[in-house]
Amino acid sequence: MLMLPERIKILNVGIAGTLESSDITIQIEKSEGKGIELELKSTVANQFGKQIKKVILETLLELGVENALVFANDKGALDCTIRARVRTAVSRAAHHNCFPWGVK
């Protein structure tokens, strides 16, 4: 049986990341009933813009975020860094631990 993630509601602004090389800044805000709106600014947008957006959107979907306004300012971050920054920004914006630290 497929387990869907619980829905996470964005309560306020959450920011994660830096403007350093090989990093990304993610800012996430409330967006009532408008779905996910994503604005990407990247130094490598021509080469990797589609992949960056895909990673951000997949991570939000995995976390159960359905409505959010997301601003991403990328400086060449790897996929793993993008995922970590999105999780952190969502955790801060939703006051919810989005990291699977527990032992099974």
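Counting only GluC sites (Glu not before Pro) that sit in a DSSP loop (anything but H, G, I, E, B) with at most 11 other Cβ atoms within 10 Å, what is the longest stretch of the chain containing none of them? Between the exposed loop sites, the longest stretch runs 33-104.
Treating the beta-carbon of each Lys and Arg as +1 and of each Asp and Glu as -1, no other charges, what is the dipole magnitude of the chain about its Cα centre, to the nearest 20 debye?
Numbers: 14 positive and 12 negative charges, 22 e Å.
My answer is approximately 100 debye.
Placing R0 at 30 angstrom, the Cβ-Cβ distance between L57 and S22 gives a FRET efficiency of 0.90 after rounding to 0.05. Rolling a 1.4 Å probe over the heavy atoms of the protein chains gives segment 57-102 an accessible area of 50 Å² per residue. Relative to the longest principal axis of the Cα atoms of the chain, the long axis of helix 79-94 makes an angle of roughly 50 degrees. Which percentage, to the nearest 5, of the DSSP beta bridges contained in the chain is antiparallel? Given both bridge residues lie in the chain, the antiparallel proportion sits at roughly 55 percent. Rounded to whole numbers, the Karplus 3J(HN,Hα) couplings from phi for segment 59-69 are 5, 4, 4, 4, 7, x, 7, 10, 10, 6, 9 Hz, using 6.51 cos²θ - 1.76 cosθ + 1.60 with θ = phi - 60°, and x at Gly and Pro. With both labels modelled 7 Å from their Cα along Cα-to-Cβ, the R7 to K50 distance reads 3.2 nm. Across S21, S31, S91, mean-square fluctuation computed from a Gaussian network of the chain (C-alpha pairs under 10 Å connected) peaks at S21. Only DSSP H runs of four or more residues enter the estimate; each adds -39500 (n - 2.57), and after division by the residues of the chain the mean residue ellipticity at 222 nm equals -11500 deg cm²/dmol.
Solvent-accessible area of the chain (1.4 angstrom probe, protein heavy atoms only): carbon and sulfur portion equals 55 percent. In units of the rule-of-thumb radius 2.2 N^0.38 Å, the chain shows an alpha carbon radius of gyration of 1.03.
Taking a straight Cα-Cα cut-off under 18 Å and skipping sequence neighbours fewer than 8 places away in the same chain, the lysines within cross-link reach of K53 are K34, K41, K75.
The values are calculated or read from the model by the stated rules, or taken from the named source; none is laboratory data. Note that the structure is a prediction, hence the values are computed from the model and not measured. We place every Cβ from the backbone using ideal geometry, glycine too, and count neighbours over all the protein chains shown. The area values use the complete protein model at the heavy-atom level, side chains included, leaving out ligands, DNA and RNA. Shrake-Rupley method; radii C 1.70, N 1.55, O 1.52, S 1.80 Å.
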